[in-house]
Amino acid sequence: MARGGHHGGGFHGGGHHFGGGSHGSFGGGYHGGGYHGGSYYGGNGDGDVGNLVFEGIKIGILVVGFCIYEVAVGEVPGVDLFTLGIFTVSVVFYVLGLKGYKRTADLYQLKSFDGINKIQVWNAEFTEYGPSSVSDKVSWAGKYDNRYRIAFFDRDFGDENVKKVRELMNRTPGIVWMNSYVWLVIGIISAISSFFFYEMVIPVFENMIMTDEAFAFIDDFVFYFPAGLTLLCAILCFAMVKVRDSLLHKCAVRIVEDNNAAYEKMKTENYIAQALSSKWYYNNCPNCGADAKKDTRICTHCGSSLEVKNIATEQVSSVHRISAAAENGSKTKTIER
């Protein structure tokens with residue numbers, strides 16, 4: 001019959017089983033001694049705040065030390081010093097991951113985005129924008145690092161920015177964009193399960209016929225599985241933030257370049273619209289058929305007006321617009337850019 005090294009009681013005596021005398025001894029003189037009956041409760045309550053803080057720190061250190069001791073001597077079910085170390089490392093990854101998640105939390109508002117709320121995603125403060133960055137004056141991205149800022153409230157390009165980021169999220173794996181707090185919840189559940197997971201699962205394997213080496217592997221695997229899963233979720237919580245930053249930075253570069261190109265195009269179109277007349281003129285005189293010279297409003301042969309009365313009834317190839325300067329009688333007949 002297989003034996004479980006982490007299991008306690010009867011046939012399987014292990015060092016991780018919850019029980020023993022240390023809890024009884026702790027419940028002895030500590031509660032019944034002079035601590036409760038002494039001046040601690042009998043004082044006047046006007047002690048220095050600094051002393052209270054110091055006492056609180058000492059008590060905190062004692063509690064942490066006692067918990068570590070209890071884990072070390074096997075009095076906490078499902079936890080040893082190694083799993084305690086895994087949980088500590090997991091906490092560090094969760095803190096870093098959730099801190100980074102806040103920067104991209106607004107992504108989950110894009111489905112109901114109305115263009116009014118001032119939402120954005122970023123990986124650096126705007127004050128960090130420098131010569132090595134590209135910008136459209138609202139959104140920006142670093143050329144040589146993953147710093148970026150994508151603004152969805154941009155008056156001119158906010159809707160386009162939303163569209164591009166949505167397209168990015170749709171064509172990449174959903175796990176990348178999963179809410180980081182989901183990883184936290186899974187990790188917490190896994191960590192809590194470590195207190196009873198081993199005792200519930202290992203009996204299934206204890207009565208199976210297998211070699212000692214095989215059972216030793218299963219024994220350790222079952223015992224450390226909840227802690228390992230907690231660490232895996234913590235690492236994913238942190239890693240997905242880094243992956244999101246990389247993808248959003250590339251998207252930010254594209255957004256800035258597209259927005260700048262669109263802005264230049266818009267400026268050119270506005271300039272042309274202002275430079276050209278609002279009226280249309282025939283390429284050939286409707287009266288005598290003579291060719292109309294560039295920037296002329298009246299036929300030079302018969303003196304008839306070349307102005308089109310109803311552009312909707314004319315073919316585009318048979319009409320043209322002249323410069324606003326020519327229409328106003330200016331001698332300048334060319335459009336300067």
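Here are some notes:
- Flag for GLU269 being part of a helix (DSSP H, G or I), closer than 30 Å to GLU167 by Cα, at pLDDT below 80 and open to solvent by 80 Å² or more (accessible area, probe 1.4 Å): yes
- Restricting ARG166, ARG155 to residues that are under 18 Å from the mean Cα position of the chain (by Cα), at negative phi and open to solvent by 70 Å² or more (accessible area, probe 1.4 Å) narrows the list to ARG166.
- Pairs where the first residue, in the stretch 104-127, is over 21 Å from ALA239 (Cα atoms) and modelled with pLDDT under 65 and the second is aliphatic (A, V, I, L, M) and surrounded by 16 or more Cβ atoms within 10 Å (Cβ to Cβ), C-beta under 6 Å, 6+ apart: PHE113/VAL162
- Members of the stretch 182-209 that are among the aromatic types (Phe, Trp, Tyr), under 27 Å from the mean Cα position of the chain (by Cα) and open to solvent by 60 Å² or more (accessible area, probe 1.4 Å): none
- Summed over the stretch 65-85, residues that are surrounded by fewer than 19 Cβ atoms within 10 Å (Cβ to Cβ) and either in contact with a Lys or Arg (Cβ under 6 Å, 6 or more places away or on another chain) or outside any loop (DSSP other than H, G, I, E, B) (or both) total 12.
- Close contacts from the stretch 82-100, counting a first residue that is within 30 Å of ARG147 (Cβ to Cβ) and a second that is of a type in the set (S, T, N, Q) and crowded, with 16+ Cβ neighbours inside 10 Å, with Cβ to Cβ under 7 Å and a gap of 6+ residues or different chains, come to SER90/THR230; GLY97/SER180; LEU98/SER180.
- Residue match in the stretch 249-263 (condition: open to solvent by 90 Å² or more (accessible area, probe 1.4 Å), without any contact (Cβ under 8 Å) to a residue 12 or more places away in the chain and either closer than 30 Å to VAL89 by Cα or in a helix (DSSP H, G or I) (or both)): yes
The values are calculated or read from the model by the stated rules, or taken from the named source; none is laboratory data. Just so we're clear, the structure is a prediction, and the values are computed from it rather than from any experiment. When we count neighbours, we look across all protein chains shown, and the Cβ atoms used for this are built from the backbone with ideal geometry, even at glycine. Accessible surface is based on the protein model in full, side chains and every heavy atom, while ligands, DNA and RNA are left aside. Shrake-Rupley method; radii C 1.70, N 1.55, O 1.52, S 1.80 Å.
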